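Some notes on the structure that comes next.
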Amino acid sequence: MEVRVELKPGVLDAEAESIEKSLGLLGIPSVRHVTTARIYDLEFAGVSDEEALRLANRAVERLLANPVIHRVSVHPVPA
């Protein structure tokens, strides 16, 4: 399962702001906006697709994301 965790709109993304500024300083001025995200690739052994999705969502709820500041998408990784 692929879990994508990114900041919700309106939450300060300091890393993205730093990258955006640095790109301009490096002579790459055409970048209008930068956002960051973390992608987790979770591989489960011996479980159905439905169970893998349930387990991935459990990992999100318990460890990988904070629902106050993050938006999350979870989907199967194409084979």
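Nothing in this text is a laboratory measurement; each read-out follows from the coordinates by a stated rule. What you are looking at is a predicted structure, and each value in this text was computed from that prediction instead of being measured. Cβ: placed from backbone, ideal geometry, glycine included. Neighbour counts: every protein chain shown.
Annotations for the structure displayed:
- Residues of the range 17-58 satisfying the condition of being among the polar types (S, T, N, Q), part of a loop (DSSP other than H, G, I, E, B) and without any contact (Cβ under 8 Å) to a residue 12 or more places away in the chain: SER30, SER48
- Residue tally, condition within 13 Å of VAL5 (Cα to Cα) and part of a loop (DSSP other than H, G, I, E, B), over the range 64-79: 5
- In this structure, GLU61 qualifies as loosely packed, with under 12 Cβ neighbours inside 10 Å and not in a loop (DSSP other than H, G, I, E, B).
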